[in-house]
Each structure stands twice: as structure tokens, then as C-alpha cells.
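Student: The structure follows.
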Amino acid sequence: MDNKFSIDICGIPMKNPVMVASGTFSFGEEYAKFYDINKLGAIVTKGLTLEPKTGNPPPRIYETPAGILNSIGLENPGVEAFITEEWPHLSKLSIPVIANIDGDTVEDYHKIAWRLSSLEGLAALEVNISCPNVEKGGMAFGQDPESAREVIKAVREATHLPVIAKLSPNVTSVQKIAEAAVSAGADAISLINTLLGMAIDINKKKPVFHRTFAGLSGPAVKPIALRMVWEVYKAVKVPIIGMGGITSWQDAVEFILAGASAVAVGTASFVDPLTPLHIIAGFKQYLADQGIKSIGELIGAAHPF
Amino acid sequence: MDNKFSIDICGIPMKNPVMVASGTFSFGEEYAKFYDINKLGAIVTKGLTLEPKTGNPPPRIYETPAGILNSIGLENPGVEAFITEEWPHLSKLSIPVIANIDGDTVEDYHKIAWRLSSLEGLAALEVNISCPNVEKGGMAFGQDPESAREVIKAVREATHLPVIAKLSPNVTSVQKIAEAAVSAGADAISLINTLLGMAIDINKKKPVFHRTFAGLSGPAVKPIALRMVWEVYKAVKVPIIGMGGITSWQDAVEFILAGASAVAVGTASFVDPLTPLHIIAGFKQYLADQGIKSIGELIGAAHPF
Amino acid sequence: MVLNCPEIAATAKPGQFIHIRCSDGLSPLLRRPISIAMADIDTGTIEIIYRVVGEGTKILARKKKGETLDIMGPLGKGFPIPEGIKFPAIVGGGIGVAPLLFLAKAINTANKRETAGIIFAGFSSDDETFGTFFMEDCGFKLEICTDDGSRGYKGFPTDLLEKYINDRKIENDTASVNSSKEIIGPMSPHVEIKAGGKNAIDIIYACGPKPLLAKVKSIAAGAGIPACLSLEERMACGVGACLGCAVKSAEGGYMKVCKDGPVFEASQVEI
Amino acid sequence: MVLNCPEIAATAKPGQFIHIRCSDGLSPLLRRPISIAMADIDTGTIEIIYRVVGEGTKILARKKKGETLDIMGPLGKGFPIPEGIKFPAIVGGGIGVAPLLFLAKAINTANKRETAGIIFAGFSSDDETFGTFFMEDCGFKLEICTDDGSRGYKGFPTDLLEKYINDRKIENDTASVNSSKEIIGPMSPHVEIKAGGKNAIDIIYACGPKPLLAKVKSIAAGAGIPACLSLEERMACGVGACLGCAVKSAEGGYMKVCKDGPVFEASQVEI
Ligand SMILES: Cc1cc2nc3c(=O)[nH]c(=O)nc-3n(C[C@H](O)[C@H](O)[C@H](O)COP(=O)(O)OP(=O)(O)OC[C@H]3O[C@@H](n4cnc5c(N)ncnc54)[C@H](O)[C@@H]3O)c2cc1C
Ligand SMILES: Cc1cc2nc3c(=O)[nH]c(=O)nc-3n(C[C@H](O)[C@H](O)[C@H](O)COP(=O)(O)OP(=O)(O)OC[C@H]3O[C@@H](n4cnc5c(N)ncnc54)[C@H](O)[C@@H]3O)c2cc1C
Ligand SMILES: Cc1cc2nc3c(=O)[nH]c(=O)nc-3n(C[C@H](O)[C@H](O)[C@H](O)COP(=O)(O)O)c2cc1C
Ligand SMILES: Cc1cc2nc3c(=O)[nH]c(=O)nc-3n(C[C@H](O)[C@H](O)[C@H](O)COP(=O)(O)O)c2cc1C
Ligand code: FES
Ligand code: FES
């Protein structure tokens, strides 16, 4: 393990700070055909719910300038099928695997957290209170400090695993939500989830997506994501996992300088599956070139004093 | 005047629904060298303040994927110099001219609105409660319904001119701000202003901008802007001026279908000064092709029932 | 466009596609899926045929001989060619004919008979036709249709398919052929072949616009003939990781066009 | 790169620039400002010289002969060439030499003398030099400097400028030349020319990296010689509409590089 590059995020030991973002890597098997995914810092699974979810009708993806809108609707096999079908191969990986969880109600979050906590080797839970693509729950929990607090508290009570709160960018003050999550026991903060957007088909004169709104991700949102990492870094003491439009190692360095302890690559994997590896390599070179002894030196280093 | 294409927005008669956005067209003289700006639907001036403002130190512009960050800081000659230097040539135009106004305090807004109301021929005031690039006032007024209401009320009391509230997208619920503005007497709503973003110089390990944050505009933000127009259309009855990343006539049609009565072109003018004219031509052709008799038919037409 | 990529050429199956990064910048951001229209192990090349419809294909069309292209593939599951098929029908519409060329060749190789089968290919006009000599060379009887009647039958290829089937009512009660083992193509979709009269269609392959596929599905269901349809959906990852390219499964829920398809047995999917 | 654009070629002044849309897609989004390095009314062409540093210039470098380019121009105010200047010094660093070629030619045309003046041109190494024959053809004495000493003086062109001036102390008290009417270039910056000894520098023109400009400004101020500096700043509109390209004015507040400049009289700006 390269010590310069390794980082411990609330007890999750990562050999490098480059993860893959929930929902853009499924359960790892697809991209494992393209490269050795044990080279990643960590993997975050597709969002899981208690019951299987079929997801939203197509179209589910729409391209926008330097971004994509998605309306997947949390399609997933449910927590039980995850445990029987996916966990066996995931648990064989040598890197931390983080389960991303979602629920319609606070109770759902509690239950799924409790259920997953029985999995030996699972590294942490990332609590998605920011999914814009579902009828109930999801983003609504992440748009109000009080309900964010409730959800995180319920998960905290259900698990001994590190709890990462994944926040929505669709708020006036992301700091307030972050503070609420931390006060309820979150060990780390992930951000950002997708921005709420939409597109209209001018021939049909109707929204492109059945649910009208969809989630915007990709390079287009990077300036906003970076700003939010900066804001949350100033507001809370727990580690931050930064994401939103990261495509190059330069982007990753920007997020670390803004205050993230690790970064996650999402949409960019669709453009080039090897993006996470390119970022790892470029980031390493940057550390060497700059004579930086540990990545810790870089976290938040762009903040004054 | 082509009646199909003309539209009256709270008493501002426009021969077509394509305007130019505040701060991207200065006071019109620059682009007047490239085309006959009397072909536009209307012009919105650079943001004006009571006293002259020197603006922020450079860099003021930074390019991002399909967007730009700007930190101009409302550089403007102040309302008196505007009246003596700019109004004489603006008042000679045959199209409506709308003054964009900004203030540090509610009182500032009142004063500048009152002062501008004496200008014969000025079409309306666009009240910027959403500028992210200034120390005081600006965006803060647009992030809270109560203060939005106060500003609009103060302007309303100071003027007989139509009052357009220009909203910030950096909020959890843009509907609530729009409702507050309308309840305080806004005759129309303009949105969106820029999204708060930032960039970091990884060599200097410091934010690119002196004020750290800057405003994101351009094609990157279009899906978000469109969603907000959709939301505000459902929330209030007054006309909406839609903007944010509009580059093509197709974009403009999307905004109208989402509920805008007119659109404004901002960043795209930097890419191609003739963008507004291309949009006008393409839009006209679309109306003809679709056999649409009046643009009114199209406003909000993508909403169900 | 011919691409030199021996690894892909060596393993590609008809119906599979490659995922192309058209621009090395950010616009367009996503890759574009394009079917493999031919693969040649010997030369190590594959061929793609595409229509310029938007930004991605426009950039693609500007590439010059000798340039390199960032592609992923072969992706997806191709057309199954079960052993024992005697007289397949291939139905293509427009650019959807592209992957069917590769299929025609593969059937011809796998199933050497005097007449390999029949192809109904529809185009908007004579100018738009492609691959016709090639399909005939593969031993297929070729029926061309154009929307404007500028060549062949004026109308849809599904009209001709329907007529063909009606003219030669298949004996549905004859014993099913024992083996449905595939000799080319992936295991799924599982297809069962029934024996019919002489030159009676025993399997239908189709690729083209949605209305064409829907029509083929209904004709095939009516006639009790298995049909394999190649579907299109907007894609992001192209490998099954994003769940973006959903198609409704007949059993409820969704399947992924990029990974579970793009070829599906008609009865598996709702279109 | 040579561009055929008679309208621009006919009116361009040295120091002005064109604003280039490098990509017809959205990346990069903004245009790129590039100085006009030469304009030829007769052929209707202009020439630009640029260094590939990022996405925009990379795309530009891929353009082939015969393609068209979307440009705006000529933009900005150029170098003033006041009547009566006898011995101008031109100081350029790296790619900043590009607009100075056009300037050298214009001075040569306007101010036909045996020696038009002196040019101090700095480059990182011999490989990077350009335009040297041309500058000499324009009647200028040329002093080349390189950072690595691979050609000419090893060091900065400002070192040589300073030395040159110190060697020939200017008579500052001689009467100022009556006319400061410009014969080429826009009215501003207003420059007053003083008469000095033989081959004493009476005006300095500079373009290059910021440290070079700052040094020229201080040398010029120390010697009491007017200096015209061509500045760079990130631009959006390029025409004065966005207020994006601010440079601090000596009088407080900001000026716009694209519209008020890019050439400024050194004492007008803070750098
Ligand atoms: C498995 C598969 C195989 C394909 N094989 C071929 C082929 O061999 N030859 C060929 O010419 N085309 C093929 N296509 C279609 C091709 O992918 C699209 O035409 C292409 O992505 C358009 O990209 P663009 O940037 O040029 O156009 P865009 O600007 O992206 O779009 C232009 C138009 O095409 C539609 N469109 C865009 N992407 C898709 C998509 N993935 N699916 C359906 N509609 C879309 C848009 O709605 C729009 O109306 C295939 C598609 C799939 C899914
Ligand atoms: C008035 C003017 C005249 C110019 N004339 C020339 C010329 O004749 N030849 C030439 O090669 N270059 C010239 N430049 C510089 C040229 O505009 C930049 O090199 C170019 O915009 C870089 O674009 P890019 O997309 O290749 O690089 P980017 O990816 O945009 O940037 C690469 C690097 O260049 C810096 N940069 C980008 N844009 C600018 C800018 N506008 N000003 C300063 N730094 C910038 C960035 O910070 C980055 O470090 C001129 C600039 C100005 C303002
Ligand atoms: C197709 C897709 C599916 C996603 N699914 C999930 C999910 O299930 N759970 C979640 O927390 N975030 C999900 N996200 C959000 C990403 O994890 C990430 O926060 C966001 O896309 C921003 O990063 P990016 O711009 O690098 O993609 C999804 C994003 C995309 C594009
Ligand atoms: C350089 C620049 C300056 C701006 N100045 C102002 C301003 O003075 N007042 C204001 O209300 N909005 C200002 N804006 C916001 C625009 O009017 C517009 O709301 C925003 O840019 C979104 O539109 P666009 O994406 O088409 O540019 C400015 C935007 C830019 C890019
Ligand atoms: S395109 Fe991602 S799952 Fe099919
Ligand atoms: S670039 Fe817009 S004012 Fe200079």
C-alpha cells in the first residue's frame, strides 16, 4: 500500500481516495470485465431498498450539455436478493464495499440498515437522502434538516457500521443539512447527488421523462459540487466524500483541496470506464511532482489559514 | 409586427419573445455593431446600483464544461451616470428597455426604483435579488421568501413601472420565493440567475476567484433552469421570463412549453453574438411548421391538462 | 466505416454492437452505440454503417482514414442461430438493416443451403438502400420495399412478411425439431424451432424502427413463429452498469438493452 | 495560420485581435482571442501565430487548409504609432512577439528610415523563435534572447532594453515634439513623444507575459519614455459587453482589455 496515497475515512481504510459513485457501477461485475476493480479505493453499490424496485419506464437517460439527466428510479433487486446474489462476489473483493441505501420511510431506512449490518465485511452504509427519482422519500428527506436528522438517527441506531449521509444539492443551505446529519450521528458526508433538472420534447410537447424531473450529473455540475464540498468542509468536522462531474485527476485534486477526503467517479465511467484508474495515476503523479508526503496535507488546503 | 409572435408581458409589448439577459449585453452599444438590436423582443440592461460600483478584481471569468463562472461583481456606472450616459441612446431604440436593479439594502432598491421611474419610456424594472457576486444584499434577498417580499414591496411602492422579480436558483423551493414575490406585487418573474459554483487553481492551491464563489451560467445549467420555470409556472399566475443556458431556438421552445412567456439569451451571446437572431428565426419557423397561430398557445403547453 | 480492431473482429457475433466515443471533448458526452455490420477475422476488421442524425454521428462522419477511434466492444448479446433452422426470414427497416448483413452472412455460413432464407428490407427510397448485393450473395431471396415506391414494393417490409406467411400456412402441428442448440450466438434468447412446409419461415429476425418491430412481433405471435428482435434504447454505459437502457419485460420489470439484449426473443419484451 | 477574410484584412491595425470559435460544439464553449500577426489588404488575408496550450488551440491546430473558421474581428484598440517617433523599441516575449510583427511592419511603412528601431525578442529557446527574418526585413535591429542561451543573449529581453537605455541616457529636457497625432491606430492611448539623442528610444511597445510587461513598465517609467503594453486577460464576449476582462486602471476602477485595450499606455494600468 502506498502510504502517501492511503486514507482512512471514518474507519474505512482505502489505499487511494478514488471511489466509484452509487448507481454508476451497479454491483461491480460489469466494470470488472474492463479492469481489476481491486485497484479502486472503494466501491459504492447501486442504491438498495428493502423490497425490489422495478424502476421507472424508459427513457431513463437523456444527454444534456456536458451532463446527463437520469431517471432510473432506484431499480434494484431489494436487500435480500442483494445479499444472496451480489454480496457473495462483492465480499471477495479486497477493497471496501459500501452499501448505498434508500427508503420510502424512516422505518425503511432503519430496517435495511439493520439487515445489512449482519453482513460480515461490509465497510459502511451510505444513506441516500437525496434521490430525486422516486415517488416517496428520497430527496425530500435531504431537503429539510429535521427529516435528514431523523433518517440518519434511525440508521445510526440500527447499525454499528460507519454511516455516511449522502446529501442533495437541491437546497438553499447544504451546510444546515450536513450539520443536522452529523448531529444525528453521521460519520461522514457524501455529496453531491444529482441536481433536479428536466427536458422537454418539443415535437411531442411533453416532458422527456415520465416523472417530468430527473437528476443531472456529469461535468456540467462540477462547479456546483465543488462549491458545496467547500461549504460543508467549513461547517462540519467529519470527512467528506466529494463527487459531481469528476472526470480528470485535476478535478479530483480540486475536490480534495476544497475539503474532500476522498472522491467518487460517477458519470465519467460511462464516457470512459477506465476514468477511475486514470485519476488514480494522475493524482499519484501530482503528489510526487508537488512533493506532497501524504494526501492528508492536501485536504481542504485551498481554504484560507 | 408579426402577431403570431408578439407577446405582451405585464404591459411590456414585445414583437417577439426573445430578450437578452442582464449583464451579458451591457447597455447595448457593443452588440449594436453586429446587428440591428431593434430586432430583439426587449433589452435588459446590466445591473444598476445607486452608486457606481467598480466590480471585482480579475479573474472574473472562468470556463467550465459547457458553462462559465463569472464574478463581475455588478460593475456599473451607477444610476445617475446611467441616466446621463446610457439612457439617451437606449431611449432611442424602438424596443422595450428594461432596467435591472440591485441594492445592498431594501432602501437602496426603493431609491433606485424611484429614481428610474422618472425616465420616460423605460419599460420595466427587473429586480435582481439573486446576484451571487456581491458582498451585501444580492442573492441573500432571493434565498428567503420574507426578504424577497420586502424588497419587491419596496420597489412596488416606489414605481408605477411593471416590476419583474429576478430569482436565484440557489434555493430549496423556488416556488416559495416566486409566491412571495408575487404576493408583494411582482408583475412577472425572471429566472434563473446564476448558480453558485467555484473553481480551484490546483497549482496555486487556491480558489480561482477572489470571492471564492462565482455564478455559473451557460448550456450546462439549462436542465435546472427549465425545471425551475416549470415549477414556478405551476405556482404563480404572472408571466415568466425564462433564461439559463438558452443557445438554440429549440432551447427557447422548451422554455416556452415549460411555462415561460418570453426567454432571455445570456452566455450564448458570447459564443455567437447573433444567437438571439438565430433563435427568433428558428422559433418563427417552428410556429409556421407546427401551424401555431399565436405563441400564447405554446406557453406552458407541456404541462398535463 | 471500416475499423481495424482484431480483438473485436475475432469474437463479434451478429447483433452485437460497439460503443463509440465520437468526440474526445465533452460534446457529445456519451458514447454512441452502433451495430457491427460485418466482422472479418482474417483482416481483423469490422464494419459499421450509420446514418448521420445528430452531433455524434456528424463528428463520426468527419473522421478520416487512418485516424483512431475510441470504441468499446463487442457488447451485448447477438442473434441466436439455432441448429436446424431451415428457412429464416430477416426483416429490416432503414439503418436497421446494418446488423442484418452480418447476420445474413453468419446464417449463410452456418446453414449452407441453396436458399438461405428470405430478407424483407425496407428503405425510405431507392437512394437509401444498401447491402442488397451482399444479402443476395449470402443466398437470401431479397424483397426490397421503399416508402415512396422508387424501388421494389411500395410499402412496408412487414406487409410482405405477412403476405408471405399467409401464402404458406405453416403446419403448426408438425413435431418440433429436436435440437434447439445454438451454434452461433449466445444462449439467450432461447428459441424453439418448429418444422414447416418447404420455404416456410421457421424463425424471424428483425431490426428497425419500433413500429416495424411491434408489427413483426404481432405477425410472429399470430403465426406461432419465434422472432428475435434487435431493440434500441438510449444508452449511457453500454455495459449494464447504469440501468439506463430499460425495456419492459413481458414478465414485469425491465431488462437492459445493452446487456440482456439488444436482441430479445419477441415474447420476452413489450414494445 | 493564414485566414482569408478581406474585410478584416482591410481594416486591421497592429495590436488588434480576432475572437475565434475553435469548436462548433460546446467544448470549449468560449471563443479564444488571438492577435492579428499580419494583415495583407492586397491578398485579403490575415495571419495568426499561436501556441497550443489547451483544448481550444488544440482544436485550432487540427484545422486543415480550406476549412472555414468562425471568427469575430478586428477587435480592440491597437498600438498607436504617433507621428514623429524616431526610434521605437519593441519588446516581445514568446508568443507575445506575434502581434509585434504586424507592428514592426506598420512602423516600417509609416516611418521609413534606415533603421526603423530596435526589437528585443525573448524566447524560451532557439526552437521557439519565429519572425526573426521578417523583423529584420522591416528595418529593425534585432536582439534575440533565449532563456536557455541556445540563441543570442541568455536572459530576458528586458535586461537588454534596460542596458540599452542606460547606455544612451535620454535627454529628457529637450522640447517635446509638437505633433503627437497618430497616423495609425486608434486615438487612445494618447502618447506624447519626446526627442532624444541618436537612436535613443522614444517609445516602447511590449507584448508578452505579465512579468515582462511589469518590468517594461518600470523601466519606461524610470526613463521617462512612453510605453504601450498589450495585455492579456481571460475573455468571454471580446467586445466589451460582459465586463469579464478587467484590468486595474491607474485611476482606480477597471478597464476592459477587449475594448479599452488590449493595448494600454503603461501609466494607465496597474499590472
Ligand atoms: C444497440 C444499438 C445499435 C445501433 N446501431 C446503429 C447502426 O448500426 N447504425 C446507425 O446509424 N445507428 C445505430 N443505432 C442508433 C444510433 O446509436 C443513434 O443514431 C446515435 O446514437 C445518434 O447519435 P447522434 O449524436 O448522431 O444523434 P443525437 O443528437 O444523439 O440524436 C439524434 C436523434 O436520435 C435519437 N437517439 C439518440 N440516441 C439514441 C439511441 N441510443 N437510441 C435511440 N435513439 C436515439 C435522438 O432522440 C434524436 O432524435 C443503434 C442504437 C442502438 C441502441
Ligand atoms: C488579446 C489577446 C491576444 C492573444 N493573442 C495570442 C496570440 O497571438 N497567440 C497565442 O498563442 N495566444 C494568444 N493569446 C492567448 C490565447 O488567447 C490563449 O492561449 C488561448 O485562449 C488558450 O486557449 P486554449 O483553449 O488552448 O487553452 P485553455 O485550456 O483555455 O487554457 C490553457 C492555459 O492558458 C490560460 N488561458 C486561457 N485563456 C486565456 C486568456 N484569454 N488569457 C490568458 N490566459 C489564458 C489558462 O489559464 C490555462 O493555463 C491572446 C490572448 C489575448 C487576451
Ligand atoms: C445513472 C445514475 C444512477 C444513480 N443512482 C444512484 C443511486 O442509486 N444512489 C445514489 O445515492 N446516487 C445515485 N446516483 C448519483 C451518483 O452517485 C452521483 O452522486 C452523481 O451522479 C454525481 O456524480 P457524477 O457527476 O460523477 O455522476 C446515480 C447517478 C447516475 C448518473
Ligand atoms: C457575465 C455575466 C454578468 C451578469 N450580470 C448580471 C447582472 O448584472 N444582473 C442580473 O440580474 N443578472 C446577471 N447575470 C445573469 C444573467 O442575466 C442570466 O440570468 C444568467 O447568466 C443565466 O442565463 P445564461 O445561462 O443564458 O447566461 C450575468 C451573467 C453573466 C454571465
Ligand atoms: S446503457 Fe447502462 S445499463 Fe444499458
Ligand atoms: S471579454 Fe467581455 S468585456 Fe472584455
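The values are calculated or read from the model by the stated rules, or taken from the named source; none is laboratory data. Values in this document were obtained by computation on a predicted structure and should not be read as measured data. Cβ placement follows ideal geometry from the backbone for every residue including glycine, while neighbour counts extend to all protein chains displayed. Heads up: the accessible areas ignore ligands, DNA and RNA and are worked out on the full protein's heavy atoms, side chains in. Shrake-Rupley method; radii C 1.70, N 1.55, O 1.52, S 1.80 Å.
Student: When N counts the residues of chain C, how does its alpha-carbon radius of gyration compare numerically with 2.2 N^0.38 Å, as a ratio?
Tutor: It is 0.97.
Student: Working with all protein chains in place, sort C:21, A:149 by solvent-accessible area computed with a 1.4 Å probe, largest first.
Tutor: Details: C:21 50, A:149 80 Å².
From most exposed to least exposed: A:149, C:21.
Student: Can you list, shortest first in nanometers, how far residue C:252 lies from the same residue in the other copies, with each label 7 Å from Cα toward Cβ?
Tutor: 7.5
Student: Might you tell me the accessible area per residue for the protein assembly as shown, computed with a 1.4 Å probe and given in Å²?
Tutor: 38 Å²
Student: Now for a different question. Output the direction-averaged projected area (hull surface divided by four) of the convex hull of the alpha-carbon atoms of the stretch D:14-151, in nm².
Tutor: Quarter of the Cα hull surface area: 9.3 nm².
Student: In chain D, what residue has the beta-carbon at the shortest distance from the axis of the rotation relating D to C, and what is that distance in angstrom, rounded to the whole number?
Tutor: Measuring from each Cβ to the axis, the minimum is at D:27, 2.
Student: List the trypsin sites (Lys or Arg not before Pro) in the stretch B:159-265 that DSSP assigns to loop (not H, G, I, E or B) and whose Cβ has at most 12 other Cβ atoms within 10 Å. Which are they?
Tutor: Answer by residue number: B:204, B:237.
Student: If you don't mind, another one. Within chain B, what's the longest stretch lacking GluC sites (Glu not before Pro) that sit in DSSP loops with no more than 10 other Cβ atoms inside 10 Å?
Tutor: It works out to B:136-305.
Student: Size of the dipole of chain D about the Cα centre, Lys and Arg at +1 and Asp and Glu at -1 on the beta carbon, nothing else charged, in debye to 20?
Tutor: 300 debye
Student: Follow-up. Could you give, in nm with one decimal, how far residue C:53 is from each other copy of that position, shortest first, with labels 7 Å out from Cα toward Cβ?
Tutor: Counterpart label points of residue C:53 in the remaining copies fall at 4.1 nm.
Student: Which residue, B:242, B:197, B:138, tops the fluctuation ranking in a GNM of chain B built on C-alpha contacts under 10 Å?
Tutor: Among B:242, B:197, B:138, the largest mean-square fluctuation in the Gaussian network model of chain B belongs to B:197.
Student: Could you tell me the accessible area of residue B:278 in Å² (1.4 Å probe, neighbours in place), rounded to the nearest ten?
Tutor: Accessible area, nearest 10 Å²: 100 Å².
Student: Full extension from residue A:105 to residue A:140: what is 0.36 nm times the residue separation minus their Cα-Cα distance, to one decimal in nm? Walk me through the numbers on the way to the answer.
Tutor: Values: separation 35, 0.36 × 35 = 12.60 nm, distance 1.06 nm.
The residue A:105-residue A:140 span can extend by a further 11.5 nm.
Student: Classify chain B: rounded, prolate or oblate, from the alpha-carbon gyration tensor (a ≥ b ≥ c, eigenvalue square roots; a/c under 1.5 rounded; otherwise prolate if a/b is larger than b/c)?
Tutor: Note, shape of chain B comes out rounded.
Student: In nm, to one decimal, how far is the modelled label at residue B:303 from the one at residue D:126, with both set 7 Å along Cα→Cβ?
Tutor: Placing both labels 7 Å along Cα→Cβ, they lie 7.4 nm apart.
Student: Please report the relative contact order for the stretch A:10-72, taking Cα pairs under 8 Å with a sequence separation of at least 6, and give it as a percent rounded to a whole number.
Tutor: Values: 59 pairs, mean separation 18.1, N = 63.
Here the relative contact order equals 29 percent.
Student: Here is a follow-up. Counting only protein heavy atoms and a 1.4 Å probe, tell me what percentage of the protein assembly as shown's accessible area is made up of carbon and sulfur.
Tutor: C and S fraction of accessible area: 51 percent.
Student: Within the stretch D:1-91, report the GluC sites (Glu not before Pro) that DSSP leaves as loop and that have at most 14 other Cβ atoms within 10 Å.
Tutor: When the GluC sites (Glu not before Pro) of the stretch D:1-91 are filtered for loop state and at most 14 Cβ neighbours within 10 Å, D:67 remain.
Student: Also, quick follow-up: Suppose you put the label 7 Å out from Cα in the Cβ direction; list, shortest first and in nm with one decimal, how far residue D:155 is from each other copy's label.
Tutor: Once sorted, the set of distances for residue D:155 reads 9.2 nm.
Student: Follow-up. Enter the buried accessible area of the B/D pair, total of both sides, probe 1.4 Å, in Å² rounded to the nearest 100.
Tutor: 2300 Å²
Student: Mind checking which lysines have their C-alpha under 23 Å from residue C:105, skipping anything on the same chain fewer than 8 residues away?
Tutor: Cross-link targets: C:13, C:77, C:86, C:141, C:181, C:194, C:198.
Student: Let me ask another. Using the Cα gyration tensor of the stretch A:225-305, with a ≥ b ≥ c the square roots of its eigenvalues, what is the shape: rounded (a/c below 1.5), prolate (a/b larger than b/c) or oblate (neither)? Intermediate results must be reported in sequence, preceding the final value.
Tutor: Working: a/c = 2.43, a/b = 1.24, b/c = 1.96.
Verdict is oblate for the stretch A:225-305.
Student: Place a +1 charge on the Cβ of each Lys and Arg in the stretch D:2-75 and a -1 charge on the Cβ of each Asp and Glu, then give the dipole magnitude about the Cα centre in debye, rounded to the nearest 20. Can you show the working numbers first?
Tutor: Values: 10 positive and 8 negative charges, 70 e Å.
Charge dipole of the stretch D:2-75: 340 debye, to the nearest 20.
Student: Excluding residue C:10 itself, calculate the net charge of residues whose Cβ lies under 15 Å from the Cβ of residue C:10, where each Lys or Arg counts +1 and each Asp or Glu counts -1.
Tutor: Values: positive: C:13; negative: C:7, C:40, C:42, C:47.
Around residue C:10, the charge tally is -3.
Student: Leaving out same-chain residues fewer than 8 places away, which lysines sit with a Cα under 19 Å from that of residue A:234?
Tutor: A:166, A:176, A:222, B:205, B:206
Student: Do the sum for the protein assembly as shown: with -39,500 (n - 2.57) for every DSSP H run of n ≥ 4, divided by all residues, what is the mean residue ellipticity at 222 nm, to the nearest 500 deg cm²/dmol?
Tutor: -7500 deg cm²/dmol
Student: Follow-up question, since we're still on this one. Taking chain A as a Gaussian network, where each spring joins two C-alpha atoms under 10 Å apart, which residue of A:100, A:193, A:38 fluctuates the most?
Tutor: Maximum among the listed residues: A:38.
Student: Next question, about the same structure. Using a Cα-Cα cut-off of under 13 Å, which aspartates and glutamates could be cross-linked to residue C:58, ignoring same-chain neighbours fewer than 8 residues away?
Tutor: Result set, ordered by chain and number: D:24.
Student: How high is the FRET efficiency from residue A:120 to residue B:6, r the C-beta distance, R0 56 Å, rounded to 0.05?
Tutor: 0.20
Student: Can you bin the stretch B:1-94 into rounded, prolate or oblate? Criterion: square roots of the alpha carbon gyration tensor eigenvalues sorted a ≥ b ≥ c, rounded for a/c under 1.5, prolate for a/b above b/c, oblate for the rest. Let's see the in-between values first.
Tutor: Numbers: a/c = 2.21, a/b = 1.41, b/c = 1.57.
It comes out oblate by the Cα gyration axes.
Student: Which residue fluctuates the most in chain C, going by a Gaussian network model with Cα springs under 10 Å, if the choices are C:246, C:61, C:116?
Tutor: Judging by the Gaussian network model, the answer is C:61.
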